[in-house]
Structure formats: structure tokens, C-alpha cells
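Worksheet: the structure to be examined is printed underneath.
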Amino acid sequence: MSILTLPGLIDVHVHLRDPGQTHKEDFYTGTSAALAGGFTTVLDMPNNAEPITTVERLDAKIASAHKQIVSDIGFHFGTLGDNFAEFEKVIDRVTGLKVYMNVTTGNFKIDADSLIEIYKAWPGSKPILLHAEDDVSDIVFKTLAAVPKQTHICHVSSEAELTFVMKAKEKGLPITCGITPHHLFLTSEDGDKLGAYGHMKPFLKSQKDIDFIWAHMDAVDLIESDHAPHTREEKDSDTPPFGVPGLETTLPLMLTAVAEGKLTQAQLIEKLHTTPARLFGIAVDEATKVEVDMSEYEIKNKDLLTKCGWSPFNGRKVVGKVKTVYLHGTKVFENGKVLALPGSGKIIS
Ligand code: DOR
Ligand code: ZN
């Protein structure tokens, strides 16, 4: 058995649904899935059932996490453009500000005209993360040119979106972007076959878009799972919500890409560890590491620790199964089992 040792991976984009929708996921199952996928730090999004737009809701979220987490975790704050008085109160306790400019789960889309006011109001230097698909890139560009605050474009999914980020970088704007494995490994045709289980925002794109992104991986700053669990019952309903889980499949998919020569191992570490740590100011601990068994295996729904219990990659053969995880020197995961006690992870900001 060949073992690869990696630093603890960082996922800057997960939806752990706690509080409010713990039938989909909770902080214990979500951070367990993180460890099973080699992630020792996750940054959680604010589109909870009640969006995290006030200090009271942030407090309640942190209190719930405190009791349950088995990995480290940080929280992005939310805004609908009407809570600027809260920003100073939370700035030291969050990792960034998430703004939705397109429709997705939760319907927390802002009025695009308010983006500039949000930029002016956000204090300090922590990143603003945008869900900004191609249709709103002009507004993003104008806003960023007028108020050049550090901006991360979440889940770029197409040639047009990545080209926009590349051009903004050329103009010297403080912009980075992430890509999800589902946008790298699934086409819109796969989406048709998967039905609701391939239904997410942004939508899956064409092979041409995917080829463009693989050819320009140097312009992609990081990989983010956008782990977005929903129950099978919800997915099988007449109005399936957007989103797919990803914490346990991101690393094996990316290691398989390395084995196929689509990415180097150095790029994998940079996009799943070094760059996320630098961008979000996350302290790196040498005693936090992951040992991965590099044998081939098949992703199976029944083996997943996420509460939703399914993956759009069920049945896919990959290399790289997380064997052991050490968090700050303590063995917290081994051979499919979480060893850490609930509440033993750290809350970061
Ligand atoms: O597919 C998605 N699901 N995209 C998002 O932006 C949100 C996420 C969710 O929260 O379910
Ligand atoms: Zn998301």
C-alpha cells in the first residue's frame, strides 16, 4: 500500500446547515465528513434557514458548533445589504462576508445596486466572497474598480466566468477564484442523467467550458467543495433544492486528476491548503496532517459520513482514500472512523 502524506486541507466553502436544517447535516456529521475527506478546516456559509446576518444568529451558530465539531471551523457572515451596523460587531469572529448575486438555495440574493454600498461598509481586510455568475460580472468589475477590496469569486463554472477573473487580475484588481470538483468532473449531459442529483448553482456546463478551465488551472486560485447536502426526499420532490455534497469526494477526485496528469501534486497542495490558508489568514500547524492510501477504490454512497448519504459521484473509481488524520497532533480519524470527541475542533476567525 502506498501512502501519501498531505498537510491538513482547507475547504473555504461548505454549507453545514446547522442551526436550522440539521435534518440535512449538522456540525458533527459535517465536520466528520470533512475529516473523512482530508479537510481539517472548513469555512461555513451563512445561508442557513435563518441567514447569519446578525450577531445574535452568529452567536447561536458558534454555540452550536462548539459542542459538536471534530475539525476546525470558521464562519463567513451574510448580508442582504441591510445589516451594516452588525459588521463591526462580528468582524473579529468571522472569516469573510458572503454575498449572493444570483438565485440559489435560501433565496438570499441581494439587489445588485446595493453591492457597492456593501463594499463600502465592510470593514477591514477579510475577503468578500461573491456568488456572482457571468450575468453580473460587469457590476462586480465596476464595484471592485471603485472599492478595491479583496474579493473571492466562488465556484467559477464556465469559460466566460474564468475569463472575467483573468481579465480583472490583469487590471490589477484584488480578485481570486475557486472551482468545485463537480464543475470540473461533470458536464451538463451528466447533469441530465443525474436529474435532481446533478442540480446545483451554478449549473453544470459544457465539455468546452470544462476543457477551458482545466487548460487554465493556473488562473484558479483554489478548489472549494461547495458541500451542499440535501436529503434524498428533498431531491426527489417536485421542487428539488440546488446543491450536492462534496467534502468526501473532492480530494480523491483531485488526486485522480493528478494520477491522470491533469494537475500536479504541487498544484493540488497549493489549491487545497496553501492558498486557502494565506487568503483567509488560517494558521498552519505542522502537526495537522493527512495520510492517504493511494490504492484505487470506488466511491459508494453507503460509505459516506455526510448525513445526506449520497454523492453524484457514486460508483466512480478514484485513487486516494483518507486513512488517518491528525489534528494539532491528535489522531482524530482512522480507517473510516472518527476518533475525536464532539466539540474537540477549534473555532477560528
Ligand atoms: O448548488 C448550490 N447549493 N449552490 C449554492 O450557491 C448554494 C448551495 C446550497 O446552499 O444548497
Ligand atoms: Zn455554496
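When the trypsin sites (Lys or Arg not before Pro) in the range 86-182 are filtered for DSSP coil states and for at most 16 other beta-carbon atoms within 10 Å of their beta-carbon, the remaining sites are Lys171. Near Gly96, the amide H atoms lying under 5 Å from its own belong to Phe77; only residues 5 or more places off or on other chains count, and H is placed 1.01 Å from N. Summarising the strand pairing of the chain, around 40 percent of its internal DSSP beta bridges are antiparallel. Across the cross-link table entries Lys109/Lys300; Lys24/Lys120; Lys171/Lys321; Lys193/Lys337; Lys24/Lys193; Lys120/Lys262, which are compared at the Cα atoms, the separations over 29 Å belong to Lys109/Lys300; Lys24/Lys120; Lys171/Lys321; Lys193/Lys337; Lys120/Lys262. Between the exposed loop cleavage positions of the chain, defined as GluC sites (Glu not before Pro) in a non-H, G, I, E, B DSSP state with at most 12 neighbouring beta-carbon atoms within 10 angstrom, the longest gap is 1-259. Provide the net charge surrounding Gly195, with neighbours chosen by a C-beta distance below 14 Å and charges set as Lys +1, Arg +1, Asp -1, Glu -1. Net charge around Gly195: -3.
For the range 220-237, backbone phi angles converted through the Karplus equation (6.51, -1.76, 1.60; θ = phi - 60°) give residue-by-residue couplings of 8, 6, 8, 9, 10, 6, 6, 3, 9, x, 9, 6, 4, 4, 5, 5, 7, 6 Hz, Gly and Pro being listed as x.
What shape does the chain have by the C-alpha gyration tensor, where a ≥ b ≥ c are the square roots of the eigenvalues, rounded means a/c under 1.5, and otherwise prolate means a/b greater than b/c and oblate the rest? Note, shape of the chain comes out rounded. The residues packed around Val165, meaning those with a beta-carbon under 13 Å from its beta-carbon, carry a net charge of -4 if Lys and Arg are +1 and Asp and Glu are -1. Taken one residue at a time, the phi angles of the range 336-349 give Karplus couplings (6.51, -1.76, 1.60, θ = phi - 60°) of x, 10, 7, 9, 5, 7, x, x, 8, x, 9, 8, 10, 8 Hz. Gly and Pro are set to x. Under a 5 Å amide H cut-off, with hydrogens placed 1.01 Å from N, Ser225 pairs with Val12, His13 among residues at least 5 apart or on other chains. The residues packed around Gly315, meaning those with a beta-carbon under 10 Å from its beta-carbon, carry a net charge of +2 if Lys and Arg are +1 and Asp and Glu are -1.
The helix-only estimate of mean residue ellipticity at 222 nm for the chain, built from DSSP H runs of length n ≥ 4 each weighted as -39500 (n - 2.57), is -8000 deg cm²/dmol after division by the residue total. Per residue, how much accessible surface does the chain expose to a 1.4 Å probe? Answer in Å², no decimals. Averaged over the residues of the chain, the accessible area is 39 Å².
Measuring nothing but protein heavy atoms, the accessible surface of the chain at 1.4 Å probe radius is 51 percent carbon and sulfur.
The values are calculated or read from the model by the stated rules, or taken from the named source; none is laboratory data. The structure displayed is predicted, hence computed values, not measured ones. All Cβ positions, glycine included, derive from the backbone under ideal geometry; neighbour counts span all protein chains shown. Areas reflect the complete protein model, heavy atoms only, side chains present, ligands, DNA and RNA absent. Shrake-Rupley method; radii C 1.70, N 1.55, O 1.52, S 1.80 Å.
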